[in-house]
Amino acid sequence: MDLKEGRNSIDDGFYRLNVLDILLIGIILTGASGVLLFTGLGLNWGGASPSEASVFLAGRPTHRMNLEQNGESPLLDGAMVLEVQDGRIRVRKSDCANQICVNSGWIERPGAVIACVPNQVMIEIKTEKGAFLDAVVQ
């Protein structure tokens with residue numbers, strides 16, 4: 001085995017790991033797993049399980065929907081229909097043009113929001129502990 005110019009290079013094309021390489025790999029793996037843990041991985045970092053969804057019309061809270069009771073609820077004289085199933089909620093039907101609120105699908109985590117701008121409707125998941133703080137912007 002003849003060594004080339006670098007002390008870790010070997011003629012057969014393989015690279016020999018040294019202590020600093022192993023340390024760098026460990027730091028990268030630790031950082032990546034930390035990012036995965038802190039982004040949630042489906043875990044509820046808000047504390048309590050979601051218990052209700054608040055519905056806002058034109059910025060004012062108008063309805064509270066219990067996420068433990070499956071069912072549908074019409075809004076705006078049937079122009080929009082909300083569906084609750086297995087602790088999650090979605091907009092099943094809406095008369096808005098782009099259907100972005102319908103295509104948003106199910107939400108179930110505290111702080112998750114569905115918004116329908118044309119109908120001025122917003123649905124937000126709440127917990128028994130209160131508001132879920134995601135970020136503070138100044």
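The values are calculated or read from the model by the stated rules, or taken from the named source; none is laboratory data. Everything numeric here is computed off the predicted structure, so don't read it as measured data. With ideal geometry, Cβ positions are generated from the backbone for all residues, glycine too; neighbour counts draw on all protein chains shown.
Quick notes on this structure:
- Residue that is surrounded by the fewest Cβ atoms within 10 Å (Cβ to Cβ) [pool: residues in the stretch 1-53 that are modelled with pLDDT of 85 or more and closer than 30 Å to Gln69 by Cβ]: Glu52
- Strands (runs of 3 or more DSSP E) fully within the stretch 50-105 counting 3 or more residues that are touching a residue at least 24 places away in the same chain (Cβ under 8 Å) and over 11 Å from Asn119 (Cα atoms): 50-57, 88-94
- The test for being buried (at least 17 other Cβ atoms within 10 Å of the Cβ) and in a loop (DSSP other than H, G, I, E, B) does not hold for Pro118.
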